Amino acid sequence: MPIAKFNILESTCVPLPAENIDTDQIIPARFLKATSREGFGENLFRDWRFDKRGNPYPDFILNNPDYSGHILIGGKNFGSGSSREHAAWAIYDYGFKVVISSFFADIFKNNALNTGLLPVQVTKSFLKTLLITIGKNPGTIVKIDLPNQEISLTASGIKENFEISSYKKDCLINGYDDIDYLINMKDKIIDYEKNRLFWKNELSLL
Amino acid sequence: METKTLFDKIWDAHVVSSVENGPDVLYIDRHLIHEVTSPQAFAGLRERDLPVFRPGKIIATADHNIPTENQHLPIRDKLSKQQVDKLIENCREHNIILYGLNHPFNGIIHVIGPELGITQPGRTIVCGDSHTSTHGAFGCIAFGIGTSEVEMVMASQCVLQPKPKKMRISIEGLLKNGVSSKDVILYIISKISAGGATGYFIEYAGSAIRNMSMEGRMTICNMSIEMGARGGMIAPDKTTFEYLKGRKFAPKGEDLNKSLNRWKTLYSDENARFDKELYFKAEDIEPMITYGTNPGMGMKITDQIPNIEDIEENNRESFKKSMEYMNFSPGSSLINHPIDYVFVGSCTNGRIEDLRVFTSFVKGKQKSKNVTAWIVPGSKQVEKQAKAEGLDAILHKAGFELRQPGCSACLAMNEDKVPEGKYSVSTSNRNFEGRQGPGARTLLAGPLVAAASAVTGKITDPSSFGSDTPSGLKPLGG
């Protein structure tokens, strides 16, 4: 799937500062039975969001009308556990374009980038400032500037730079995905296969 | 000469090229797929009008969604059936080998790869499943990927990956009697935390690892992801080569000799540099159990749950939340806490050795009436062997039934769901909230703790039954 282009985003945020938010919480396994990529947002954080009869828990942040926006803020080790890309799809499908955390699980980070969901890793102190500011004023606007790799609080001007590989940055700004890159490399891949002499029996499986 | 780690040797041999300031293009030798994370990848190829580039390097199975009883009947759950049918359709269209439901090679993807000899030293293996790390036990680079990456590998047999940092974890010494590889890995995760190895690929080393069977090594590598690691691996040795000999897709005759020569070069050079090294002593490890809602929240089974003051300030909120979820009190012991379910199975502990350990412990004893037990072999071949060894009969006498293979209650995508509020001692890999069913409370442990607890109906230290604890390495002999 080609991904949506990302450049600069200004938005309010939804803070969910729990640590170790695993992909089973983001999208429980029983909702992984679809064969398309759409519709997972409906069950995002399903068991934290709704009771078993489907009534919303009023205390859960996604059910709090004070908070909305395209930026989700999570605690440390966000997206740990299962490799299900459905977790990134669910967050994106719900309407988020960015996830902020002080620390992302590896597979989730790759999955997010491949979905067009930007993971922004900030320092612990920046995360704390962000959460305090948003706690006081849910209307706080945060600006994510991908070309300059900068996250800032629009009102106060507090800002920080974030890391992203220049390759992935280009992909997101231009809406390219890895498959575009790889299929243009076919010749090189075939050369590699031919030249791997020590792996004689590897070309066909069985 | 340049010194290299085991990881470097394999990784570097698979780099087709490198993206400037970006990831490596890594060639993949074997791609394992299953019904849950593949349909969108096939659909993606179709949308782009791309063929599967190397169908002969893909192996498919249905495991996540399938029932573990009455497998001869059509799957009742409509959506599960649809996913399994889609896999059949996709594999047929693209000429991919599928060991589907009822095939004699069907089973959990991470159990069948090794038992069929598809998993071999030096290979790169990926699968849309985080527990792909299991295969690292054979000295290969194996890691879980997302569905976009599954599509990438189908399209190009390559995946774009940044090279991870390297960590070595050495465990020296002899394990105490009754301490299994599951206890070893739960112990390590409890020391490192659920995110402590993020960004790293782990090599496990040391005499305690070398003394383990392949099954034990697979359990260790399997749970590497539970501390955030990209994967885990163990240098192949005689144990590895012996295990592979004669397996369906393992090399034979002259090919085997050639392979052995190559496999014997797969170890970390003496002065190879790791980004991080950790050391543990085997004798410090005892039977473990988890008390919280991530696999890092584990302790010796006879210990007390930490008090809130013992928890790092940043983690206190999530600690409190997990205590609430589990309905446990900080500072309390779990010994004799009543349980409702026991689950033995999964890609962590669903192999023949695990069934032998469990069965030899419950032999001549009786399952507690309060406990519902699911004993689920990891594959059709494990099931067949268990029956050939008479384990099913011993289990039956003790009040247990051997079910049919699948992922089952590990992630509860099929009917095997632990009900809300119930406690399950599980040999699987994750104790996340709702992992085994909405509201289910999971306590992770090894097969021996599961056996002792299944018999008493309470959380039980197996050594309280005396010191005669089975190793599981040998068949029971009826």
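If you bin the C-alpha pair distances of the range B:113-183 every 10 Å from 0, what whole percents do you get?
Bins of 10 Å from zero give 17, 40, 30, 10, 3 percent of pairs.
Report, by chain and number, residues whose modeled amide H sits under 5 Å from the one on B:Lys458, excluding near sequence neighbours (fewer than 5 apart, same chain).
Amide H neighbours of B:Lys458: B:Ile339.
Can you figure out the FRET efficiency of B:Lys191 with A:Ser165, using R₀ = 45 Å and their beta-carbon distance, to the nearest 0.05? Write down the numbers at each step before the final one.
On the way: r = 31 Å, r/R0 = 0.69.
Calculated transfer efficiency: 0.90.
For the protein assembly as shown, compute the orientation-averaged projected area of the C-alpha convex hull (one quarter of its surface), in nm².
Dividing the Cα hull surface by four gives the mean projection, 28.1 nm².
Which cross-chain or sequence-distant (5 or more) residues have an amide H under 5 Å from the amide H of B:Ser268, H modelled 1.01 Å from N in plane?
Under 5 Å from the amide H of B:Ser268: B:Leu6.
In Å³ and rounded to a whole number, note down the convex hull volume per residue for the Cα atoms of chain A.
147 Å³
R0 = 25 Å: FRET efficiency of B:Asn327 with A:Phe60, Cβ-based, nearest 0.05? Before the final figure, lay out the partial values.
Values: r = 20 Å, r/R0 = 0.80.
It comes out at approximately 0.80.
For A:Thr23, B:Thr348, what ranking results if the residue with the fewest other Cβ atoms within 10 Å of its Cβ goes first?
A:Thr23, B:Thr348
Run the numbers for B:Leu256 and B:Glu415: contour at 0.36 nm per residue of separation, minus the present Cα-Cα distance, in nm.
Length difference between fully extended and current span is 53.0 nm.
In which sequence would B:Val344, B:Val371 go, from the one with the fewest C-beta neighbours within 10 Å to the one with the most?
B:Val371, B:Val344
Is the shape of chain B rounded, prolate or oblate, going by the alpha carbon gyration tensor and its root eigenvalues a ≥ b ≥ c, with a/c under 1.5 for rounded and a/b larger than b/c for prolate?
Working: a/c = 1.44, a/b = 1.24, b/c = 1.16.
Rounded shape, in that the Cα axes give a/c under 1.5.
B:Lys365 label point, 7 Å along Cα→Cβ, cut-off 11 Å on backbone N: hits in the range B:424-449?
Inside the label zone: B:448-449.
Can you give the percent of C-alpha pairs in the range B:33-99 whose distance is more than 15 Å?
51 percent
Using the reciprocal of the averaged 1/r over all distinct C-alpha pairs, how large is the Kirkwood radius of the range B:1-132 in Å?
Working: mean 1/r = 0.0606 Å⁻¹.
It works out to 16.5 Å.
Got a sec to turn the phi values of the range B:272-280 into Karplus ³J(HN,Hα) couplings, 6.51 cos²θ - 1.76 cosθ + 1.60 with θ = phi - 60°, whole Hz, x for Gly and Pro?
4, 9, 10, 6, 8, 10, 10, 10, 10
With 10 angstrom as the radius, rank B:Arg356, B:Arg76, A:Arg46 by how many other C-beta atoms surround their C-beta, starting from the fewest. Walk me through the numbers on the way to the answer.
Numbers: B:Arg356 23, B:Arg76 11, A:Arg46 19.
With the sparsest Cβ surroundings first, the list reads B:Arg76, A:Arg46, B:Arg356.
Viscosity 1.306 mPa s, temperature 10 °C: Stokes-Einstein D of the range B:211-280 from its Kirkwood Cα radius, in µm² per second? All intermediate terms of the calculation are to be shown ahead of the outcome.
On the way: Rh = 14.2 Å.
The estimated diffusion coefficient comes to 112 µm²/s.
Mind checking Rg over Rh on the range A:10-70, alpha carbons, Kirkwood formula for Rh?
Working: Rg = 12.5 Å, Rh = 12.9 Å.
Result: Rg/Rh = 0.97.
According to a simple spin-label model (label point 7 Å from Cα along Cα-to-Cβ), what is the distance in nm between B:Thr302 and B:Glu69?
3.8 nm
Which helices of chain B meet both criteria: a Cα extent of 27 Å or more along the helical axis and a mean Kyte-Doolittle score no lower than 1.6, with helices taken as whole DSSP H segments? Before the final figure, lay out the partial values.
Working: long enough: none.
Flagged H segments: there are none.
Quick check on the range B:76-148: take the gyration tensor over C-alpha atoms, sort the square-rooted eigenvalues as a ≥ b ≥ c, and tell me if it's rounded (a/c under 1.5), prolate or oblate.
Judged from the Cα gyration tensor, the range B:76-148 comes out prolate (a/c at least 1.5, a/b above b/c).
Could you tell me what percent of the DSSP beta bridges with both partners in the range B:1-137 are antiparallel, to the nearest 5?
25 percent
I need the Debye-formula profile for the range B:365-478: one equal scatterer per C-alpha, no solvent, reported as log10 I(q)/I(0) at q = 0.17, 0.22, 0.23, 0.24 1/Å, two decimals.
-0.90, -1.42, -1.49, -1.54
Is it possible to state the helix-based mean residue ellipticity at 222 nm for chain B, with each DSSP H run of 4+ residues giving -39500 (n - 2.57), the sum divided by total residues, to the nearest 500 deg cm²/dmol? What is it?
Values: 16 runs with 147 residues, N = 478.
So the helix-based figure for chain B works out to -8500 deg cm²/dmol.
Looking at the range B:363-468, which trypsin sites (Lys or Arg not before Pro) are DSSP coil and have at most 12 other C-beta atoms within 10 Å of their C-beta?
B:Lys369
With θ set to phi - 60° and the Karplus curve 6.51 cos²θ - 1.76 cosθ + 1.60, what are the ³J(HN,Hα) couplings of the range A:146-154 in order, to the nearest whole Hz, using x for Gly and Pro?
Per residue, the Karplus-derived 3J(HN,Hα) values read 5, x, 8, 6, 9, 10, 9, 8, 4 Hz.
Mind listing which GluC sites (Glu not before Pro) in the range A:1-89 are in a DSSP loop and have 11 or fewer other Cβ atoms within 10 Å?
Answer by residue number: A:Glu38.
Among the aspartates and glutamates, which fall within straight-line cross-link reach of B:Lys321, defined as a Cα-Cα distance under 12 Å, with same-chain neighbours fewer than 8 residues apart omitted?
Here the aspartates and glutamates satisfying the reach criterion relative to B:Lys321 are A:Glu19, B:Glu433.
Once the principal axes of the Cα atoms of the range B:330-427 are found, what is the range along each, listed largest first in whole angstroms?
Each principal axis gives a Cα extent; for the range B:330-427 these are 44, 32, 21 Å.
Just to confirm a number: summing +1 for Lys and Arg and -1 for Asp and Glu over residues other than B:Thr37 whose beta-carbon lies under 9 angstrom from that of B:Thr37, what do you get? Let's see the in-between values first.
Numbers: positive: A:Arg84; negative: A:Glu85, B:Glu35, B:Asp129.
Residues near B:Thr37 contribute -2 overall.
I'd like the mean, over residues of B:185-198, of how many other protein chain beta carbons sit within 10 Å of each residue's own Cβ.
Averaged over the peptide's residues, the number is 2.
Per residue of B:140-151, how many C-beta atoms from partner chains lie within 10 Å of its own C-beta, taken as a mean?
If you average over the peptide's residues, the count of other-chain Cβ atoms is 6.
None of the figures in this text is laboratory data; all of them are computed from the coordinates on show. Remember, predicted model here, so these are calculated numbers, not experimental data. Cβ: placed from backbone, ideal geometry, glycine included. Neighbour counts: every protein chain shown.
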